[in-house]
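K.L.:
Just dropping this structure here.
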Amino acid sequence: MKYFPALVALCISTASMDQTDPKETEVWDPKPPVVTKTTATTSVPPSDAVILFDGKNLNQWTSVNKPGTPAMWTVAGGVLTVKKDAGNIETKQSFGDYQLHIEWKIPAKITGEGQGRGNSGLFLASIGRGDAGYELQIMDGWENPTYVNGQAGSIYKQTPPMVNASKKPGEWQSYDVLWTAPKFNADSTLKSPAYVTVFHNGVMIQNHTELKGPTVYIGKAEYKQAHGASPIKLQAHGDPSEPISFRNIWIRETK
Ligand code: MG
């Protein structure tokens, strides 16, 4: 029995090294205060913007699972809707630092709860297949409790939004994003991390937030892979809730 404390310490140490439990990186408190704003979320693109989606087609996008093939999400009535079995989609074009506008809507009749309620995501830079990249969370953030570093407006598993500016399901919402891409030295070591500022429905929720590395579901984020300009990616999350929609997506590269 006298060795018991040492054994406990050993077990804790081993558990943290294995990093097999995604709950280890969930943060539930404090909860970001709720802030409401009633102005319209739509935005007319500036004259120098690259239009990524104008309601007509997915010509600017490609499948992530099957590189080089068309993005197979649904376009109808000026709106883009996630097709979950088609997987993630990303832009054909790559971007460095940029300003981006995107509008999204959780279906009015959404089911599920927590991470399984309208989950999608905006990958600020896609650096590979699947969910590889830096995810700004998109999901139902209206009276839908989850860990705060995974709620709508979070840099997933890294930084909660400063406030919860979510609108109700069925209402259009917007993100306006200022992205400073990470920079790498010639030997692939990190020169400067990524930073992001985000306005959700016109309310600042991330202020020059430093990213610790690409998003990871389990364990701690870190920069392992040097990369340059990258596509923008949208997530087809595997949860069974109703698919969400997008409209009016544009971007201005700032360098
Ligand atoms: Mg997501």
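The values are calculated or read from the model by the stated rules, or taken from the named source; none is laboratory data. Nothing here was measured: the structure is a model prediction, and the numbers come from that model. A quick note on method: Cβ atoms are made from the backbone with ideal geometry, for glycine too, and the neighbour counts reach across all protein chains shown.
K.L.:
Considering only the stretch 81-184, give the strands (runs of 3 or more DSSP E) lying wholly within it that have at least 1 residues that are more than 13 Å from the chain's Cα centre (by Cα) and more than 16 Å from the ligand (Cβ to nearest atom).
P.N.:
Values: elements: 89-91, 98-105, 120-126, 133-138, 172-180.
Ranges flagged: 89-91, 98-105, 172-180.
K.L.:
Now for a different question. Going by the structure shown, is Ser192 more than 16 Å from the ligand (Cβ to nearest atom) and polar (S, T, N, Q)? Spell out how you get there, then give the answer.
P.N.:
On the way: more than 16 Å from the ligand (Cβ to nearest atom): yes; polar (S, T, N, Q): yes.
It is true that Ser192 is more than 16 Å from the ligand (Cβ to nearest atom) and polar (S, T, N, Q).
K.L.:
I would also like to ask the following. Give me the pairs: first residue in the stretch 224-246 and part of a loop (DSSP other than H, G, I, E, B), second residue away from the ligand (no atom under 14 Å from the Cβ) and charged (D, E, K, R), beta-carbon distance under 8 Å, and six or more apart or on different chains, which are they?
P.N.:
Sorted first by the residue in the stretch 224-246, then by its partner, the pairs are Pro231/Glu90; Pro231/Lys92; Ile232/Glu90; Ala236/Lys83; Ala236/Asp85; Glu242/Lys109; Pro243/Lys83; Ile244/Lys105.
K.L.:
Among the residues of the stretch 51-73, which ones are more than 20 Å from the chain's Cα centre (by Cα) and not in a loop (DSSP other than H, G, I, E, B)?
P.N.:
Listed by number, the list holds a single entry, Pro70.
K.L.:
Among the residues of the stretch 1-35, how many are β-branched (Val, Ile, Thr), at pLDDT 75 or above and either loosely packed, with under 11 Cβ neighbours inside 10 Å or in contact with a Cys (Cβ under 9 Å, 6 or more places away or on another chain) (or both)?
P.N.:
Taking the stretch 1-35 and keeping what is β-branched (Val, Ile, Thr), we get 8, 12, 14, 20, 25, 27, 34-35.
Cutting the leftovers down to at pLDDT 75 or above gives us 20, 25, 27, 34-35.
With either loosely packed, with under 11 Cβ neighbours inside 10 Å or in contact with a Cys (Cβ under 9 Å, 6 or more places away or on another chain) (or both) added as a condition, the list becomes 20.
Residues in the stretch 1-35 being β-branched (Val, Ile, Thr), at pLDDT 75 or above and either loosely packed, with under 11 Cβ neighbours inside 10 Å or in contact with a Cys (Cβ under 9 Å, 6 or more places away or on another chain) (or both): 1 in total.
K.L.:
While we're on this one: Would you mind finding the one in Ile106, Ile110, Ile127, Ile102 that is within 20 Å of Leu58 (Cβ to Cβ) and out of contact with any helix residue (DSSP H, G or I) (no Cβ under 8 Å at 6 or more places or on another chain)?
P.N.:
Ile102
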